[in-house]
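The values are calculated or read from the model by the stated rules, or taken from the named source; none is laboratory data. Since the model is a prediction, treat every value here as computed from it, not as a measurement. Cβ placement follows ideal geometry from the backbone for every residue including glycine, while neighbour counts extend to all protein chains displayed.
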């Protein structure tokens, strides 16, 4: 049995997230469907050899879940397969997939590799535009308000040194703990745009959107830096109430240990 990693990118506008769901279009569903089409097409584009053992289809394991409407420049799936893959499989899968999903690479890895548990960090960027732009309408958040950039930077610096993000997770998040290690947290200014960048070992459901929305309120002067500090220290059952829309959020990278793919 061989294990393979699929590196994917997608525009999430038309999908109800990354992981397969009942009665909803997802990235995983579309890729599994594309694989099934090729397996059952009667040609040899999936493997070099007999493929009767795989007629039932292949189930994918995902690396990093993204919510409905969230985009990804890089994400991963892995799957197991009995045979060697045909060298033209990448081309054929991309020909079958919708235009808003692309498989960037297919790599064979050791059987013990796991695209979720072996990842050491995930990076996200949230894009905001301050001047109306019809070309960014489904890829960024229009937020046409004057903001104090120094306060945004101060808030981002505070986030970098926190570990308990229970306040910044969606209600009913089914996780064992709310601890995350943040390696990077900073804002960038561009012409008519703001970008928030964050990198960590893991992220809670809705966490980046809640952090971004809270910082925008700080930048507008609606809440204070002291309020942000209290959110991380207060013992209460509340959750953050300022969330930005999904359309501005991009999963930009999933990082694995050095030389991980050269083993």
Please verify whether the range 46-55 includes one or more residues that are surrounded by 14 or more Cβ atoms within 10 Å (Cβ to Cβ), touching a strand residue (DSSP E or B) at 6+ places or on another chain (Cβ under 8 Å) and at pLDDT 90 or above. no
May I ask you to list the residues in the range 2-39 that are over 22 Å from residue 119 (Cα atoms), surrounded by fewer than 17 Cβ atoms within 10 Å (Cβ to Cβ) and in contact with a strand residue (DSSP E or B) (Cβ under 8 Å, 6 or more places away or on another chain)? 13
Residue 167 meets each of (1) assigned to a helix (DSSP H, G or I); (2) at pLDDT 95 or above; (3) closer than 22 Å to residue 67 by Cβ with one exception, condition (2)
Yes or no: the range 179-187 includes at least one residue that is in a strand (DSSP E or B), out of contact with any helix residue (DSSP H, G or I) (no Cβ under 9 Å at 6 or more places or on another chain), in contact (Cβ under 8 Å) with a residue 40 or more places away in the chain and under 30 Å from residue 261 (Cβ atoms). no
I'd like to check something: does the range 131-142 contain any residue that is under 13 Å from residue 203 (Cα atoms), over 19 Å from the mean Cα position of the chain (by Cα) and surrounded by fewer than 17 Cβ atoms within 10 Å (Cβ to Cβ)? no
Give the residues of the range 188-211 that are more than 17 Å from residue 250 (Cα to Cα) and assigned to a helix (DSSP H, G or I), sorted by residue number. none
Given the conditions (1) touching a strand residue (DSSP E or B) at 6+ places or on another chain (Cβ under 8 Å); (2) in a helix (DSSP H, G or I), and given that residue 214 satisfies all but one, which numbered condition is not satisfied? (1)
Taking into account only those residues within the range 229-251 that are out of contact with any strand residue (DSSP E or B) (no Cβ under 9 Å at 6 or more places or on another chain) and closer than 21 Å to residue 127 by Cα, which is modelled with the lowest pLDDT? 240
Please verify whether residue 101 is in contact (Cβ under 8 Å) with a residue 24 or more places away in the chain and not assigned by TED's automatic domain parsing to the domain that holds residue 28, treating the condition exactly as stated. no
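For (1) buried (at least 17 other Cβ atoms within 10 Å of the Cβ); (2) within 17 Å of residue 66 (Cβ to Cβ); (3) not assigned by TED's automatic domain parsing to the domain that holds residue 152, each residue gets a yes or a no:
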site: 179; (1), (2), (3): no, no, no
site: 182; (1), (2), (3): yes, no, no
site: 188; (1), (2), (3): no, no, no
site: 207; (1), (2), (3): yes, yes, no
site: 221; (1), (2), (3): no, no, no
site: 226; (1), (2), (3): no, no, no
site: 232; (1), (2), (3): no, no, no
site: 238; (1), (2), (3): no, no, no
